[in-house]
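The values are calculated or read from the model by the stated rules, or taken from the named source; none is laboratory data. Because the structure is a prediction, the values reported are computed rather than measured. Glycine gets a Cβ as well: all are built from the backbone with ideal geometry, and neighbour counts include every protein chain shown.
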Amino acid sequence: MVHNEVEDAHSHAKERPAFSVPLANLRQSVTSAIDRARTLSALLAHSSSVRRGLLGRVLAATLCTCLALWAARTLSDAADVRASWGPQVTVLMARHDLPAGKKVSASDTITGTRPVSLTPSDALRDLPPGATTTAVILAGEPLVRQRMTDDESRLAPPDTTAIRLELAVGAPELEPSDRVDVLGPGDGSGSAGEDQGSTSQDPTGAQVVVISREAVVLRPPTDDDPSIEVAVDDTDVATVAEAALTGGVAVVRRSG
């Protein structure tokens, strides 16, 4: 009887199918798991990229804020310095070096703000038509009426040089384009003093000679400014300048 029961058990075991997973299902599960892993990796990478981008924007914003604060502080300091100089005035200035005789156009000028206390009273705010320099104006210098004119009679003729002289004695009544002789201390050996009658003596016994003949008056003396601006021959410039620096000069008007 026991033997029969054992046989029956083996018989039922043979009839029951063995447990197994189809290969196709296993492959599908593995593929699905790989796909989920790839998706998760992409999400993590995207999240890292987003974090890096956000960090970069935060750093850029911080840098811009710091630069803005620095610029504001610098401008504030500059404003304080300007305020310490007192009232400001806007004037025209030379954009680059302007030689004497240069007809000035808008492209030669810039507008700048300067303290009133450091600005010449005759500084120009607007450029007059036909404005021409009568002396060299360096880049950054304000344009002043004293060194500019719209009158061609104040321009140095060819082969002459404009020079400003502080006179040792008062000048006669003069107008622009008048002709004058320039007198100064000397021994009569200069180029302009070789002619007969070109030398004389002042009351102190000092010898006075003509150091430049027929100089053209560009700007005559005025009540506010007793100096004179004349155009002297190029060959006389050094002699006239030396006389002006050492012994003083005078001018006499030529007749005719």
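For residues in segment 124-141 being buried (at least 18 other Cβ atoms within 10 Å of the Cβ) and part of a loop (DSSP other than H, G, I, E, B), which is modelled with the highest pLDDT?
Only one residue fits best here, namely L124.
Just to be sure I understand the filter: pairs with C-beta atoms under 8 Å, separated by 6 or more residues or on different chains, first member in segment 202-225 and not assigned by TED's automatic domain parsing to the domain that holds V249, second member at pLDDT below 85. Which pairs pass?
Nothing qualifies.
Within segment 51-103, which residues are modelled with pLDDT of 75 or more and under 16 Å from R114 (Cα atoms)?
Correct list: G86, P87, Q88, V89, T90, V91, L92, M93, A94, R95.
Among the candidates S121, S153, single out the residue that is of a type in the set (S, T, N, Q), under 21 Å from P226 (Cβ atoms), in contact with a strand residue (DSSP E or B) (Cβ under 9 Å, 6 or more places away or on another chain) and modelled with pLDDT of 85 or more.
S121
Select, from A206, A215, A238, A250, the only residue that is at pLDDT 85 or above and farther than 21 Å from P158 by Cβ.
A250
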